[in-house]
1. Give me the net charge for the shell around residue 77: Cβ to Cβ below 15 angstrom, other residues only, Lys and Arg +1, Asp and Glu -1.
2. Which residue fluctuates most in the GNM of the chain (Cα springs below 10 Å): 33, 53, 63?
3. Using the basic label-point model (7 angstrom from Cα toward the beta carbon), what is the residue 40 to residue 6 distance in nanometres?
4. Compute the relative contact order of segment 17-61 as a whole-number percentage, counting only Cα pairs closer than 8 Å that sit 6 or more residues apart in sequence.
5. Quote the relative contact order of the chain in percent (integer), defining contacts as alpha-carbon pairs under 8 Å separated by 6+ residues.
6. Could you give the semi-axes, largest first, of the ellipsoid that matches the chain, computed as the square roots of 5 times the alpha carbon gyration tensor eigenvalues and rounded to whole Å?
7. Which far-off residues, 5 or more places away or on another chain, put their amide H under 5 Å from the one on residue 37, with H placed in the peptide plane?
8. Calculate, for the chain, the solvent-accessible area per residue in square angstrom, rolling a 1.4 angstrom probe over the heavy atoms of the protein chains.
Amino acid sequence: GELQPQVIVMDCALPGISGLQATRKILEKSPDACILMLSMHPEETLVRQALEAGARGYILKNAMDLDLGAAVRKVAAG
């Protein structure tokens, strides 16, 4: 069967397609998917674009307190 992940951790910098484009495509097919955007860039513009694309959260790869598990649980909980 087809996978229906509850939370998707999306890298902003995907080869060939941007994470923002991929986010939009996934949400077209699975509007209930929770997408957590992972990026190296803290720019407010990127954060806003990610959220406008439908991401439910945005986390920096180089955050010193990067707790991906906690971030995924938060996004899953809304």
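1. Around residue 77, the charge tally is +1.
2. Looking only at 33, 53, 63, the largest GNM fluctuation is found for 63.
3. Rounded to a tenth, the inter-label distance reads 3.2 nm.
4. Answer for segment 17-61 is 46 percent.
5. 31 percent
6. 19, 16, 11
7. 10, 56, 57, 58, 59
8. 68 Å²
The values are calculated or read from the model by the stated rules, or taken from the named source; none is laboratory data. Please read these numbers as outputs of a predicted model, since none were measured by experiment. Backbone-built Cβ (ideal geometry, glycine too); neighbour counts: all protein chains shown. Please note that ligands, DNA and RNA were not included when accessible areas were found on the heavy atoms of the full protein model with its side chains. Shrake-Rupley method; radii C 1.70, N 1.55, O 1.52, S 1.80 Å.
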